Amino acid sequence: MKRAWYVVLLGAVAVGGWALAQPGSQIVIGLQAEPVTLDVAQLSDYNSSRTAMPMFEGLVRFADGSTDLEPALAERWEVSEDGLTYTFYLRPGVVFHDGTPVNAEAVEFSFLRQLDPDHPYHDTGQFPYAEFTLGTIADIEVHDELTLRITLSDTFAPFLSNLAMHAAAVVSPSAVMTFGSDFSENPVGSGPYRFVSWARGVEVVLERNADYWRVTPQVERLIYRPIIEDQARLSALEAGEIDLSVNLPPDDLPRLRRDARFTFAEQAGMHTWYIVFNVTKEPFGDARVRQAVAHAIDRQAIVDAVLGGTGVLAKNFLPPVVWGYTEDVPEYPYDPERARELLTEAGYPDGFAVEFWVPASGSGMQQPVAMGTVIQDYLSRVGVQVTIQQFEWGTYLDRVIVPVEEADAVPAMFQLSWIGDNGDPDNFLYILLSGDQFPPFGFNLGYYSNPEVDELLRQARTTVDHAERVTLYEEAQRLIMTDMPVVPVDHETQIVVLRSGIEGFVPHPTGVFRFETVEVSAQ
(Lines give C-alpha, C1' and ligand atoms only; values in the text may rest on other atoms or scores of the structure.)
Protein backbone atom coordinates (compact mmCIF):
# COMPACT_ATOMS: atom_id res chain seq x y z
CA MET A 1 0.00 0.00 0.00
CA LYS A 2 1.24 3.52 -0.74
CA ARG A 3 0.60 6.89 0.83
CA ALA A 4 -0.27 9.37 -1.90
CA TRP A 5 0.13 13.12 -1.91
CA TYR A 6 -2.49 14.87 -4.03
CA VAL A 7 -2.10 18.56 -4.51
CA VAL A 8 -4.39 21.25 -5.83
CA LEU A 9 -2.28 23.44 -8.10
CA LEU A 10 -2.83 27.01 -9.07
CA GLY A 11 -2.34 27.56 -12.75
CA ALA A 12 -0.38 30.40 -14.24
CA VAL A 13 -3.41 32.66 -14.46
CA ALA A 14 -4.43 32.10 -10.83
CA VAL A 15 -0.91 32.37 -9.48
CA GLY A 16 -0.24 35.50 -11.36
CA GLY A 17 -3.34 37.41 -12.10
CA TRP A 18 -0.59 39.82 -13.05
CA ALA A 19 -0.58 42.63 -15.52
CA LEU A 20 1.26 42.06 -18.78
CA ALA A 21 4.95 41.42 -18.12
CA GLN A 22 6.86 44.68 -18.08
CA PRO A 23 8.88 45.25 -21.29
CA GLY A 24 12.39 46.56 -20.77
CA SER A 25 12.31 46.15 -17.00
CA GLN A 26 15.40 44.94 -15.19
CA ILE A 27 16.88 44.50 -11.73
CA VAL A 28 20.61 44.82 -11.12
CA ILE A 29 21.79 42.75 -8.16
CA GLY A 30 25.02 43.57 -6.32
CA LEU A 31 26.84 40.35 -5.40
CA GLN A 32 29.55 40.03 -2.74
CA ALA A 33 31.78 38.03 -5.05
CA GLU A 34 32.05 36.58 -8.53
CA PRO A 35 30.00 33.39 -9.01
CA VAL A 36 32.22 30.31 -8.97
CA THR A 37 29.96 28.32 -11.31
CA LEU A 38 26.50 28.43 -12.85
CA ASP A 39 26.18 24.63 -12.98
CA VAL A 40 23.45 24.00 -10.42
CA ALA A 41 24.99 20.63 -9.47
CA GLN A 42 28.29 22.26 -8.51
CA LEU A 43 27.02 25.17 -6.40
CA SER A 44 28.59 25.61 -2.96
CA ASP A 45 28.28 29.35 -2.23
CA TYR A 46 25.62 32.06 -2.00
CA ASN A 47 26.78 34.19 -4.91
CA SER A 48 26.70 31.28 -7.32
CA SER A 49 23.37 30.03 -5.95
CA ARG A 50 21.69 33.43 -6.09
CA THR A 51 22.76 33.78 -9.71
CA ALA A 52 22.10 30.24 -10.93
CA MET A 53 18.95 29.16 -9.11
CA PRO A 54 16.47 31.31 -11.12
CA MET A 55 17.42 29.18 -14.15
CA PHE A 56 16.64 25.80 -12.59
CA GLU A 57 14.04 23.81 -10.70
CA GLY A 58 13.67 20.31 -9.32
CA LEU A 59 10.97 17.74 -8.73
CA VAL A 60 9.79 19.66 -5.65
CA ARG A 61 10.55 23.10 -4.33
CA PHE A 62 10.38 25.17 -1.16
CA ALA A 63 7.38 27.46 -0.98
CA ASP A 64 7.98 31.20 -1.15
CA GLY A 65 9.19 32.49 2.20
CA SER A 66 9.46 29.07 3.89
CA THR A 67 10.92 25.58 3.71
CA ASP A 68 7.49 23.98 3.30
CA LEU A 69 7.50 21.66 0.30
CA GLU A 70 5.34 22.07 -2.77
CA PRO A 71 5.25 20.46 -6.24
CA ALA A 72 7.51 21.71 -9.01
CA LEU A 73 8.48 19.54 -12.00
CA ALA A 74 6.69 16.67 -10.26
CA GLU A 75 3.00 17.49 -9.95
CA ARG A 76 2.50 14.69 -7.40
CA TRP A 77 4.32 11.76 -5.79
CA GLU A 78 3.80 8.60 -3.77
CA VAL A 79 5.92 7.08 -1.01
CA SER A 80 5.84 3.38 -0.15
CA GLU A 81 4.89 2.31 3.37
CA ASP A 82 8.49 1.32 4.18
CA GLY A 83 9.70 4.78 3.12
CA LEU A 84 12.12 3.35 0.55
CA THR A 85 10.38 3.91 -2.80
CA TYR A 86 9.30 7.28 -4.18
CA THR A 87 7.25 7.47 -7.36
CA PHE A 88 7.15 10.87 -9.06
CA TYR A 89 4.65 11.92 -11.73
CA LEU A 90 6.13 14.73 -13.81
CA ARG A 91 4.24 17.73 -15.09
CA PRO A 92 3.48 17.31 -18.84
CA GLY A 93 4.53 19.84 -21.45
CA VAL A 94 7.47 21.45 -19.62
CA VAL A 95 10.59 22.14 -21.71
CA PHE A 96 14.11 23.26 -20.97
CA HIS A 97 15.31 26.62 -22.22
CA ASP A 98 16.86 24.86 -25.24
CA GLY A 99 13.46 23.44 -26.22
CA THR A 100 14.15 19.83 -25.23
CA PRO A 101 11.58 18.09 -23.01
CA VAL A 102 11.75 17.82 -19.23
CA ASN A 103 11.06 14.13 -18.73
CA ALA A 104 11.95 11.20 -16.48
CA GLU A 105 15.13 10.48 -18.45
CA ALA A 106 16.33 14.05 -17.84
CA VAL A 107 15.84 13.59 -14.09
CA GLU A 108 17.71 10.29 -14.19
CA PHE A 109 20.53 11.91 -16.19
CA SER A 110 20.78 14.85 -13.76
CA PHE A 111 21.09 12.57 -10.72
CA LEU A 112 23.35 9.87 -12.17
CA ARG A 113 25.68 12.44 -13.71
CA GLN A 114 26.58 13.35 -10.13
CA LEU A 115 26.35 9.96 -8.44
CA ASP A 116 27.77 7.45 -10.91
CA PRO A 117 31.54 7.67 -11.53
CA ASP A 118 31.01 5.63 -14.71
CA HIS A 119 28.38 7.98 -16.10
CA PRO A 120 29.65 9.36 -19.46
CA TYR A 121 29.22 12.96 -18.21
CA HIS A 122 30.41 12.50 -14.63
CA ASP A 123 33.66 14.23 -15.60
CA THR A 124 31.86 17.48 -16.45
CA GLY A 125 32.26 18.83 -12.92
CA GLN A 126 32.89 18.39 -9.22
CA PHE A 127 29.69 17.73 -7.28
CA PRO A 128 30.24 18.55 -3.59
CA TYR A 129 26.57 18.17 -2.59
CA ALA A 130 25.87 14.95 -4.50
CA GLU A 131 26.57 12.48 -1.72
CA PHE A 132 24.72 14.52 0.90
CA THR A 133 21.70 15.31 -1.24
CA LEU A 134 21.31 12.18 -3.36
CA GLY A 135 23.65 9.63 -1.78
CA THR A 136 20.89 7.45 -0.32
CA ILE A 137 19.55 6.65 -3.80
CA ALA A 138 20.05 2.96 -4.58
CA ASP A 139 18.17 2.80 -7.87
CA ILE A 140 16.41 5.05 -10.39
CA GLU A 141 13.84 3.54 -12.75
CA VAL A 142 12.33 5.43 -15.67
CA HIS A 143 8.88 3.86 -15.87
CA ASP A 144 7.65 6.01 -18.74
CA GLU A 145 8.09 9.50 -20.18
CA LEU A 146 6.66 11.22 -17.12
CA THR A 147 6.98 8.61 -14.34
CA LEU A 148 10.10 8.01 -12.28
CA ARG A 149 10.69 5.61 -9.37
CA ILE A 150 13.51 6.19 -6.93
CA THR A 151 14.49 3.51 -4.43
CA LEU A 152 16.61 4.39 -1.41
CA SER A 153 19.20 2.19 0.26
CA ASP A 154 17.75 3.05 3.66
CA THR A 155 14.98 5.14 5.12
CA PHE A 156 16.07 8.77 4.89
CA ALA A 157 13.83 11.27 6.67
CA PRO A 158 14.99 14.46 4.86
CA PHE A 159 14.88 12.96 1.35
CA LEU A 160 11.99 15.03 -0.03
CA SER A 161 13.45 18.20 1.50
CA ASN A 162 16.78 17.36 -0.10
CA LEU A 163 15.07 17.09 -3.48
CA ALA A 164 14.20 20.79 -3.18
CA MET A 165 17.91 21.65 -2.86
CA HIS A 166 20.02 22.87 -5.74
CA ALA A 167 21.94 19.63 -6.31
CA ALA A 168 18.62 17.91 -7.10
CA ALA A 169 17.66 20.45 -9.77
CA VAL A 170 17.16 19.05 -13.25
CA VAL A 171 19.50 20.10 -16.05
CA SER A 172 19.15 19.73 -19.81
CA PRO A 173 20.96 16.52 -20.84
CA SER A 174 21.31 17.90 -24.36
CA ALA A 175 23.12 21.00 -23.07
CA VAL A 176 25.49 18.96 -20.89
CA MET A 177 26.28 16.73 -23.87
CA THR A 178 26.92 19.78 -26.03
CA PHE A 179 29.03 21.85 -23.63
CA GLY A 180 30.64 19.20 -21.42
CA SER A 181 32.56 20.80 -18.57
CA ASP A 182 31.74 24.20 -20.08
CA PHE A 183 28.10 23.67 -19.04
CA SER A 184 29.06 25.67 -15.93
CA GLU A 185 29.29 28.72 -18.20
CA ASN A 186 26.43 27.73 -20.50
CA PRO A 187 23.70 26.63 -18.07
CA VAL A 188 20.35 25.34 -19.32
CA GLY A 189 17.47 24.58 -16.99
CA SER A 190 13.70 25.03 -17.02
CA GLY A 191 13.31 27.82 -14.45
CA PRO A 192 11.69 31.26 -14.71
CA TYR A 193 14.86 32.86 -16.12
CA ARG A 194 17.26 31.74 -18.85
CA PHE A 195 20.96 32.36 -19.35
CA VAL A 196 22.13 35.16 -21.68
CA SER A 197 25.78 35.91 -20.92
CA TRP A 198 28.57 35.89 -18.35
CA ALA A 199 31.36 38.46 -18.60
CA ARG A 200 33.69 37.40 -15.81
CA GLY A 201 34.36 40.10 -13.28
CA VAL A 202 31.65 42.26 -14.82
CA GLU A 203 28.19 40.71 -14.87
CA VAL A 204 25.91 37.74 -15.48
CA VAL A 205 22.75 38.47 -17.47
CA LEU A 206 19.55 36.41 -17.37
CA GLU A 207 16.30 37.02 -19.22
CA ARG A 208 12.81 35.88 -18.37
CA ASN A 209 11.51 32.56 -19.64
CA ALA A 210 8.23 33.57 -21.25
CA ASP A 211 7.29 29.87 -21.45
CA TYR A 212 7.74 29.20 -17.74
CA TRP A 213 4.90 26.90 -16.69
CA ARG A 214 4.15 28.46 -13.31
CA VAL A 215 3.80 32.14 -14.22
CA THR A 216 5.30 34.59 -16.71
CA PRO A 217 7.95 36.59 -14.80
CA GLN A 218 7.26 40.31 -14.69
CA VAL A 219 10.85 41.55 -14.78
CA GLU A 220 12.43 41.04 -18.17
CA ARG A 221 16.11 40.98 -17.22
CA LEU A 222 18.25 40.18 -14.17
CA ILE A 223 21.82 41.46 -14.07
CA TYR A 224 24.23 40.20 -11.38
CA ARG A 225 27.34 42.31 -10.74
CA PRO A 226 30.14 41.25 -8.38
CA ILE A 227 31.23 44.13 -6.13
CA ILE A 228 33.49 42.68 -3.47
CA GLU A 229 33.93 45.61 -1.10
CA ASP A 230 30.87 46.42 1.00
CA GLN A 231 31.49 50.16 0.82
CA ALA A 232 31.77 50.02 -2.97
CA ARG A 233 28.51 48.07 -3.13
CA LEU A 234 26.84 50.69 -0.95
CA SER A 235 28.11 53.47 -3.21
CA ALA A 236 26.80 51.63 -6.27
CA LEU A 237 23.37 51.28 -4.65
CA GLU A 238 23.17 54.96 -3.72
CA ALA A 239 24.36 55.98 -7.18
CA GLY A 240 21.63 53.89 -8.81
CA GLU A 241 24.11 51.50 -10.45
CA ILE A 242 22.56 48.51 -8.69
CA ASP A 243 19.00 47.99 -7.44
CA LEU A 244 19.41 45.38 -4.72
CA SER A 245 22.14 44.33 -2.34
CA VAL A 246 22.95 42.46 0.85
CA ASN A 247 25.73 42.71 3.44
CA LEU A 248 26.11 46.46 3.30
CA PRO A 249 28.15 48.17 6.04
CA PRO A 250 26.05 47.82 9.23
CA ASP A 251 26.82 51.39 10.33
CA ASP A 252 25.11 52.70 7.20
CA LEU A 253 21.86 50.76 7.55
CA PRO A 254 20.12 53.24 9.91
CA ARG A 255 20.75 56.03 7.42
CA LEU A 256 19.43 53.93 4.52
CA ARG A 257 16.28 53.12 6.50
CA ARG A 258 15.53 56.85 6.63
CA ASP A 259 16.10 57.29 2.89
CA ALA A 260 12.84 57.11 0.91
CA ARG A 261 14.74 55.81 -2.11
CA PHE A 262 15.15 52.40 -0.45
CA THR A 263 13.10 49.69 1.17
CA PHE A 264 14.19 46.77 3.36
CA ALA A 265 13.22 43.11 3.22
CA GLU A 266 14.28 41.15 6.30
CA GLN A 267 14.03 37.65 7.69
CA ALA A 268 15.76 35.58 10.37
CA GLY A 269 18.20 33.44 8.45
CA MET A 270 19.19 29.77 8.65
CA HIS A 271 22.73 31.04 9.07
CA THR A 272 25.72 30.48 11.32
CA TRP A 273 29.06 32.33 11.10
CA TYR A 274 31.78 30.33 12.80
CA ILE A 275 35.45 29.65 13.36
CA VAL A 276 36.64 26.23 12.20
CA PHE A 277 39.45 24.35 13.93
CA ASN A 278 41.45 21.82 11.93
CA VAL A 279 41.46 19.17 14.67
CA THR A 280 44.17 17.18 12.91
CA LYS A 281 46.61 19.98 13.74
CA GLU A 282 48.01 20.87 17.13
CA PRO A 283 47.04 22.47 19.36
CA PHE A 284 43.43 22.11 18.22
CA GLY A 285 43.28 18.37 18.71
CA ASP A 286 42.69 19.24 22.37
CA ALA A 287 39.13 20.31 23.24
CA ARG A 288 40.45 22.48 26.06
CA VAL A 289 42.28 24.69 23.58
CA ARG A 290 39.17 25.01 21.44
CA GLN A 291 37.12 25.90 24.53
CA ALA A 292 39.77 28.45 25.53
CA VAL A 293 39.42 30.23 22.18
CA ALA A 294 35.65 30.36 22.66
CA HIS A 295 36.03 31.96 26.12
CA ALA A 296 38.67 34.41 24.84
CA ILE A 297 36.39 36.07 22.27
CA ASP A 298 33.68 38.54 23.24
CA ARG A 299 31.20 37.36 20.63
CA GLN A 300 28.40 39.64 21.84
CA ALA A 301 30.69 42.64 21.31
CA ILE A 302 31.31 41.47 17.74
CA VAL A 303 27.56 41.23 17.11
CA ASP A 304 26.97 44.69 18.58
CA ALA A 305 30.00 46.65 17.40
CA VAL A 306 31.17 44.99 14.18
CA LEU A 307 27.86 43.71 12.87
CA GLY A 308 25.72 46.55 14.18
CA GLY A 309 23.06 44.18 15.43
CA THR A 310 22.51 42.59 12.01
CA GLY A 311 22.86 39.19 13.64
CA VAL A 312 22.13 37.52 16.98
CA LEU A 313 24.65 35.89 19.31
CA ALA A 314 25.04 32.19 18.60
CA LYS A 315 24.47 30.15 21.75
CA ASN A 316 24.60 26.98 19.69
CA PHE A 317 25.86 25.93 16.28
CA LEU A 318 22.34 25.18 14.98
CA PRO A 319 20.32 28.37 14.25
CA PRO A 320 17.22 28.99 16.41
CA VAL A 321 14.95 29.02 13.34
CA VAL A 322 15.77 25.38 12.54
CA TRP A 323 13.58 22.85 14.32
CA GLY A 324 15.40 20.74 16.90
CA TYR A 325 17.38 23.72 18.17
CA THR A 326 18.09 23.69 21.90
CA GLU A 327 19.77 26.09 24.32
CA ASP A 328 20.43 23.22 26.73
CA VAL A 329 24.10 23.14 25.73
CA PRO A 330 27.36 24.25 27.39
CA GLU A 331 27.87 28.00 27.18
CA TYR A 332 31.08 29.91 26.64
CA PRO A 333 30.71 33.47 27.95
CA TYR A 334 33.52 35.95 27.45
CA ASP A 335 35.99 34.99 30.18
CA PRO A 336 39.69 35.64 29.40
CA GLU A 337 40.77 34.26 32.77
CA ARG A 338 39.01 30.96 32.12
CA ALA A 339 40.62 30.90 28.68
CA ARG A 340 44.09 31.22 30.25
CA GLU A 341 43.29 28.45 32.73
CA LEU A 342 42.24 26.09 29.96
CA LEU A 343 45.36 26.89 27.93
CA THR A 344 47.53 26.15 30.96
CA GLU A 345 45.72 22.85 31.57
CA ALA A 346 46.33 21.92 27.93
CA GLY A 347 50.05 22.67 28.23
CA TYR A 348 50.12 26.13 26.68
CA PRO A 349 50.58 28.52 29.63
CA ASP A 350 52.31 31.05 27.36
CA GLY A 351 49.85 30.59 24.51
CA PHE A 352 50.91 29.70 20.97
CA ALA A 353 51.10 31.12 17.45
CA VAL A 354 48.56 30.28 14.77
CA GLU A 355 47.72 31.26 11.20
CA PHE A 356 44.11 32.37 10.72
CA TRP A 357 42.66 32.32 7.20
CA VAL A 358 40.10 34.98 6.27
CA PRO A 359 38.28 35.62 2.95
CA ALA A 360 38.12 39.16 1.61
CA SER A 361 34.38 38.73 1.16
CA GLY A 362 32.07 35.90 0.30
CA SER A 363 28.89 33.97 0.67
CA GLY A 364 27.23 34.78 4.00
CA MET A 365 30.54 35.93 5.45
CA GLN A 366 29.17 39.26 6.75
CA GLN A 367 32.24 41.38 7.68
CA PRO A 368 34.98 38.73 7.47
CA VAL A 369 38.05 40.95 7.59
CA ALA A 370 36.76 43.19 10.39
CA MET A 371 35.57 40.18 12.38
CA GLY A 372 38.89 38.41 11.84
CA THR A 373 40.84 41.43 13.03
CA VAL A 374 38.77 41.72 16.21
CA ILE A 375 39.17 38.00 16.91
CA GLN A 376 42.92 38.38 16.41
CA ASP A 377 42.98 41.12 19.04
CA TYR A 378 40.94 39.16 21.60
CA LEU A 379 43.15 36.09 21.24
CA SER A 380 46.32 38.14 21.66
CA ARG A 381 45.09 39.09 25.13
CA VAL A 382 45.33 35.45 26.27
CA GLY A 383 48.68 34.78 24.62
CA VAL A 384 47.50 33.38 21.27
CA GLN A 385 49.40 35.19 18.53
CA VAL A 386 47.33 35.18 15.35
CA THR A 387 48.64 35.89 11.87
CA ILE A 388 45.87 36.63 9.38
CA GLN A 389 46.15 35.46 5.79
CA GLN A 390 43.53 36.82 3.40
CA PHE A 391 42.20 35.29 0.15
CA GLU A 392 39.72 36.01 -2.63
CA TRP A 393 36.55 33.96 -2.09
CA GLY A 394 36.92 31.42 -4.90
CA THR A 395 40.55 30.76 -4.01
CA TYR A 396 39.62 30.52 -0.34
CA LEU A 397 37.06 27.78 -1.00
CA ASP A 398 39.51 25.84 -3.15
CA ARG A 399 42.07 25.92 -0.35
CA VAL A 400 39.82 24.90 2.56
CA ILE A 401 37.62 22.30 0.84
CA VAL A 402 40.15 19.49 0.50
CA PRO A 403 40.09 15.75 1.34
CA VAL A 404 41.31 14.63 4.74
CA GLU A 405 44.42 13.16 3.07
CA GLU A 406 45.44 16.76 2.37
CA ALA A 407 44.52 18.10 5.83
CA ASP A 408 48.05 19.41 6.38
CA ALA A 409 47.41 22.00 3.66
CA VAL A 410 44.44 23.42 5.59
CA PRO A 411 45.25 25.99 8.30
CA ALA A 412 44.67 25.25 11.97
CA MET A 413 42.00 27.95 12.18
CA PHE A 414 39.81 29.68 9.59
CA GLN A 415 36.42 31.34 9.07
CA LEU A 416 33.29 29.95 7.50
CA SER A 417 29.58 30.52 7.36
CA TRP A 418 26.75 28.16 6.50
CA ILE A 419 23.24 28.88 5.35
CA GLY A 420 20.78 26.01 5.67
CA ASP A 421 19.58 24.44 2.46
CA ASN A 422 16.41 22.67 3.56
CA GLY A 423 15.33 23.62 7.10
CA ASP A 424 16.34 20.22 8.50
CA PRO A 425 18.95 19.87 11.30
CA ASP A 426 20.61 17.16 9.21
CA ASN A 427 21.67 19.87 6.78
CA PHE A 428 23.71 21.58 9.50
CA LEU A 429 24.83 18.94 11.93
CA TYR A 430 25.44 15.96 9.65
CA ILE A 431 26.95 17.63 6.60
CA LEU A 432 29.19 19.94 8.66
CA LEU A 433 30.13 17.92 11.76
CA SER A 434 29.71 14.23 11.02
CA GLY A 435 32.79 12.07 10.63
CA ASP A 436 31.08 10.65 7.53
CA GLN A 437 31.23 14.04 5.83
CA PHE A 438 34.88 14.87 5.28
CA PRO A 439 35.44 16.40 1.83
CA PRO A 440 34.74 15.51 -0.94
CA PHE A 441 31.63 13.83 0.54
CA GLY A 442 30.54 16.79 2.66
CA PHE A 443 31.70 19.98 4.33
CA ASN A 444 33.20 18.86 7.65
CA LEU A 445 36.24 20.98 6.85
CA GLY A 446 37.85 20.71 10.29
CA TYR A 447 37.78 16.88 10.12
CA TYR A 448 36.03 16.58 13.50
CA SER A 449 34.72 13.15 14.43
CA ASN A 450 33.20 11.94 17.70
CA PRO A 451 31.90 8.33 17.38
CA GLU A 452 28.96 9.08 19.70
CA VAL A 453 27.98 12.19 17.75
CA ASP A 454 28.39 10.33 14.47
CA GLU A 455 26.04 7.57 15.58
CA LEU A 456 23.42 10.01 16.85
CA LEU A 457 23.46 11.88 13.55
CA ARG A 458 23.20 8.67 11.54
CA GLN A 459 20.22 7.52 13.61
CA ALA A 460 18.49 10.90 13.29
CA ARG A 461 18.60 10.90 9.50
CA THR A 462 17.18 7.36 9.22
CA THR A 463 14.41 7.84 11.79
CA VAL A 464 10.99 8.88 10.53
CA ASP A 465 9.48 9.73 13.93
CA HIS A 466 9.85 13.50 14.35
CA ALA A 467 9.91 13.54 18.17
CA GLU A 468 12.62 10.89 18.21
CA ARG A 469 14.68 12.89 15.73
CA VAL A 470 14.40 15.97 17.99
CA THR A 471 15.70 13.98 20.97
CA LEU A 472 18.65 12.64 18.97
CA TYR A 473 19.57 16.07 17.64
CA GLU A 474 19.36 17.68 21.07
CA GLU A 475 21.82 15.16 22.51
CA ALA A 476 24.14 15.60 19.52
CA GLN A 477 24.14 19.37 20.04
CA ARG A 478 25.13 18.99 23.70
CA LEU A 479 28.07 16.77 22.79
CA ILE A 480 29.17 19.02 19.91
CA MET A 481 29.13 22.15 22.04
CA THR A 482 31.14 20.32 24.70
CA ASP A 483 33.76 19.27 22.13
CA MET A 484 33.69 22.73 20.53
CA PRO A 485 35.10 21.74 17.11
CA VAL A 486 33.84 25.12 15.86
CA VAL A 487 33.11 28.42 17.58
CA PRO A 488 29.71 29.72 16.43
CA VAL A 489 29.75 33.51 16.59
CA ASP A 490 26.38 34.67 15.29
CA HIS A 491 23.28 33.93 13.24
CA GLU A 492 22.83 36.62 10.60
CA THR A 493 19.51 38.31 9.98
CA GLN A 494 18.88 38.45 6.24
CA ILE A 495 18.70 42.13 5.31
CA VAL A 496 18.10 42.94 1.67
CA VAL A 497 18.14 46.60 0.66
CA LEU A 498 16.17 47.41 -2.49
CA ARG A 499 15.43 50.42 -4.62
CA SER A 500 11.94 51.53 -3.61
CA GLY A 501 10.47 50.86 -7.07
CA ILE A 502 10.91 47.09 -6.60
CA GLU A 503 7.74 45.51 -5.26
CA GLY A 504 6.92 42.01 -4.06
CA PHE A 505 10.40 40.79 -3.16
CA VAL A 506 10.38 38.37 -0.21
CA PRO A 507 13.61 36.94 1.23
CA HIS A 508 13.78 33.17 1.33
CA PRO A 509 15.09 31.28 4.39
CA THR A 510 17.62 29.47 2.18
CA GLY A 511 19.07 32.81 1.07
CA VAL A 512 18.31 32.45 -2.64
CA PHE A 513 16.65 35.32 -4.49
CA ARG A 514 13.32 34.76 -6.25
CA PHE A 515 12.12 37.29 -8.79
CA GLU A 516 9.39 35.58 -10.81
CA THR A 517 6.57 37.47 -9.05
CA VAL A 518 8.50 40.70 -8.41
CA GLU A 519 7.44 43.89 -10.20
CA VAL A 520 9.32 47.10 -10.98
CA SER A 521 7.12 50.17 -10.71
CA ALA A 522 9.62 52.58 -12.30
CA GLN A 523 13.09 52.52 -13.82
Every residue from segment 167-188 that is surrounded by fewer than 22 Cβ atoms within 10 Å (Cβ to Cβ) and touching a strand residue (DSSP E or B) at 6+ places or on another chain (Cβ under 9 Å) | Glu185, Asn186
Gly347 being surrounded by fewer than 17 Cβ atoms within 10 Å (Cβ to Cβ), at pLDDT 95 or above, assigned by TED's automatic domain parsing to the domain that holds Ala409 and on the phi > 0 side of the Ramachandran plot = yes
Residues in segment 185-212 that are over 22 Å from Pro101 (Cβ atoms), in contact with a Lys or Arg (Cβ under 9 Å, 6 or more places away or on another chain) and assigned to a loop (DSSP other than H, G, I, E, B) total 1
Does segment 228-243 contain any residue that is of a type in the set (A, V, I, L, M), more than 28 Å from Thr517 (Cβ to Cβ), modelled with pLDDT of 95 or more and in the same structural domain as Arg514 (by TED's automatic domain parsing)?
-> no
Return a yes/no flag: does segment 423-440 have any residue that is surrounded by fewer than 22 Cβ atoms within 10 Å (Cβ to Cβ), out of contact with any helix residue (DSSP H, G or I) (no Cβ under 7 Å at 6 or more places or on another chain) and outside the structural domain of Pro54 (by TED's automatic domain parsing).
-> yes
Provide a single number: the residues in segment 131-180 that are out of contact with any Lys or Arg (no Cβ under 9 Å at 6 or more places or on another chain) and in a helix (DSSP H, G or I).
-> 17
Looking for whichever is of a type outside the set (Ser, Thr, Tyr), at pLDDT 95 or above and either in contact with a Ser or Thr (Cβ under 8 Å, 6 or more places away or on another chain) or closer than 17 Å to Met53 by Cα (or both) here; the options are Leu163, Leu146. Which one fits?
-> Leu163
Restricting segment 393-408 to residues that are farther than 15 Å from Pro128 by Cα and touching a Ser or Thr at 6+ places or on another chain (Cβ under 9 Å), the one surrounded by the most Cβ atoms within 10 Å (Cβ to Cβ) turns out to be Trp393
Segment 320-338 residues that are on the phi > 0 side of the Ramachandran plot and assigned to a loop (DSSP other than H, G, I, E, B), paired with ones that are crowded, with 17+ Cβ neighbours inside 10 Å and of a type in the set (Asp, Glu) (beta carbon under 9 Å, 6 or more apart) | Gly324/Asp424; Gly324/Glu474
When you go through Arg499, Arg458 one by one, which is the residue that is of a type outside the set (Phe, Trp, Tyr) and within 24 Å of the chain's Cα centre (by Cα)?
-> Arg458
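The values are calculated or read from the model by the stated rules, or taken from the named source; none is laboratory data. Because the structure is a prediction, the values reported are computed rather than measured. Here Cβ is always computed from backbone atoms with ideal geometry, including for glycine, and neighbour counts include all displayed protein chains.
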